[in-house]
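A.B. asks: This is the structure I have questions about; it appears just below.
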Amino acid sequence: MTQIPAGWYPDPDPDAPEPRGQRYWDGRLWTEHVQPAAGAPAYPSPAGGYRYPGAPGGYAAGAAVATTPDGQQLAGWWSRVGAYLIDLVVMTPLIAILAFPWIREIAGAYADMVREVLDAVRSGQAVPDQSGFAADNAGPLLALTLVSLLVNFVYNVGFLKWKAATPGKLLIGLRVRLREVPGPLGWGTVLRRWVGQNWYSPLSLVPVLGNLLVIYPFLDLLWPLWDSKKQALHDKIAATNVVRHSR
């Protein structure tokens, strides 16, 4: 019998609910990973086709879907962005409350800077040099950065270790797992993933270096768009994938 390549095929489980979906064949065995059917199954011509266990005839492989090596469907980029935005909405008020004294100080200094610039423009004088704003407010900026990192750490590390997903991912139906094997995430994996996503943050306050590092979070966010394994940079550091989770 011709060996059937790994891929998504109509689910041969006789107890599968209707409408019958697709199940992932890993090249040797059926896995537990299922998904809704992408369309009607393509039946083979009389000349033949692939056959597999439990099926009365051969089917053509389903539409190509990015998966982990054992067949679990990977999350789409927009789903990941949506989950990220939800998490941002949840974390931002927490950061604002905990860091309020320093945020108020930074906002006051910024308002003074804008006022000086506007006064200089109105009077026809040279605009004051504002390049030292970060250095002049290094204390409150550092405090705000540390509070943000602390909230981010507790939120992301805590939820990933507990649920393998942040609240944003849970709402959208995503989970984080090791790419090669399913199962709960270990502390080492969770910590590497967090560091891979946030290592640049404290360095962003360093003059010049901070300007260069500003590109990293954007690269990290966009990387799954062209990566064959759909991994962000922090996924690669931790050897993880974000996957669809059947509710």
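A.B. asks: If a residue must be part of a helix (DSSP H, G or I) and over 30 Å from Asp26 (Cα atoms), how many such residues does the stretch 178-219 contain?
C.D. replies: Residues flagged as part of a helix (DSSP H, G or I) and over 30 Å from Asp26 (Cα atoms) within the stretch 178-219 amount to 19.
A.B. asks: Of these, Asp235, Asp227, which one is within 10 Å of the chain's Cα centre (by Cα) and closer than 17 Å to Leu174 by Cβ?
C.D. replies: From the options Asp235, Asp227, the qualifying one is Asp235.
Conditions tested, residue by residue: (1) hydrophobic (A, V, I, L, M, F, W, C); (2) touching a helix residue (DSSP H, G or I) at 6+ places or on another chain (Cβ under 8 Å); (3) free of Cβ contacts under 8 Å to residues at least 60 places away in the same chain.
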residue: Val190; (1), (2), (3): yes, yes, yes
residue: Gly196; (1), (2), (3): no, yes, yes
residue: Leu203; (1), (2), (3): yes, yes, yes
residue: Leu209; (1), (2), (3): yes, yes, yes
residue: Leu225; (1), (2), (3): yes, yes, no
residue: Lys236; (1), (2), (3): no, yes, yes
residue: Ala239; (1), (2), (3): yes, yes, no
residue: His245; (1), (2), (3): no, no, no
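A.B. asks: Keeping to the stretch 27-57, report how many residues are surrounded by 13 or more Cβ atoms within 10 Å (Cβ to Cβ) and at pLDDT 70 or above.
C.D. replies: 6
A.B. asks: In the stretch 191-212, is there at least one residue being farther than 21 Å from Thr92 by Cα and at pLDDT 95 or above?
C.D. replies: Yes, some residue in the stretch 191-212 is farther than 21 Å from Thr92 by Cα and at pLDDT 95 or above.
A.B. asks: Another one. Got a sec? Which of Ala99, Ala126, Ala107 is closer than 26 Å to Leu209 by Cα and exposed (fewer than 13 other Cβ atoms within 10 Å of the Cβ)?
C.D. replies: Unique residue meeting the criteria: Ala107.
A.B. asks: Shifting gears a bit: In the stretch 183-219, which residues are at positive phi and not β-branched (Val, Ile, Thr)?
C.D. replies: Gly183
A.B. asks: Shifting gears a bit: What tally of residues in the stretch 85-116 results from selecting those that are more than 28 Å from Gln197 (Cα to Cα) and among the aliphatic types (A, V, I, L, M)?
C.D. replies: Qualifying residue count for the region: 4.
A.B. asks: Just wondering, is there one or more residues in the stretch 224-245 that are within 25 Å of Phe100 (Cβ to Cβ) and not basic (Lys, Arg)?
C.D. replies: No: zero hits.
A.B. asks: Determine, yes or no, whether Leu141 is under 23 Å from Asn198 (Cβ atoms) and surrounded by 15 or more Cβ atoms within 10 Å (Cβ to Cβ).
C.D. replies: Spelling it out, Leu141 is indeed under 23 Å from Asn198 (Cβ atoms) and surrounded by 15 or more Cβ atoms within 10 Å (Cβ to Cβ).
A.B. asks: Within the stretch 169-179, is even one residue over 30 Å from Ala134 (Cα atoms) and surrounded by fewer than 15 Cβ atoms within 10 Å (Cβ to Cβ)?
C.D. replies: Yes: one or more hits.
A.B. asks: Can Tyr155 be described as touching a residue at least 12 places away in the same chain (Cβ under 8 Å) and over 24 Å from the mean Cα position of the chain (by Cα)?
C.D. replies: No: the conditions fail for Tyr155.
A.B. asks: Hey, can you tell me all the residues within the stretch 71-127 that are under 37 Å from the mean Cα position of the chain (by Cα), polar (S, T, N, Q) and assigned to a loop (DSSP other than H, G, I, E, B)?
C.D. replies: Gln72
A.B. asks: Please enumerate the residues belonging to the stretch 158-177 that are part of a helix (DSSP H, G or I) and hydrophobic (A, V, I, L, M, F, W, C).
C.D. replies: Result: Phe159, Leu160, Trp162, Leu170, Leu171, Ile172.
A.B. asks: Something else now. For Trp226, only one of the following conditions fails: (1) at pLDDT below 95; (2) surrounded by fewer than 15 Cβ atoms within 10 Å (Cβ to Cβ); (3) under 18 Å from Thr67 (Cα atoms). What is its number?
C.D. replies: Single failed check for Trp226: (1).
The values are calculated or read from the model by the stated rules, or taken from the named source; none is laboratory data. These numbers come from a predicted model, not from an experiment. Backbone-built Cβ (ideal geometry, glycine too); neighbour counts: all protein chains shown.
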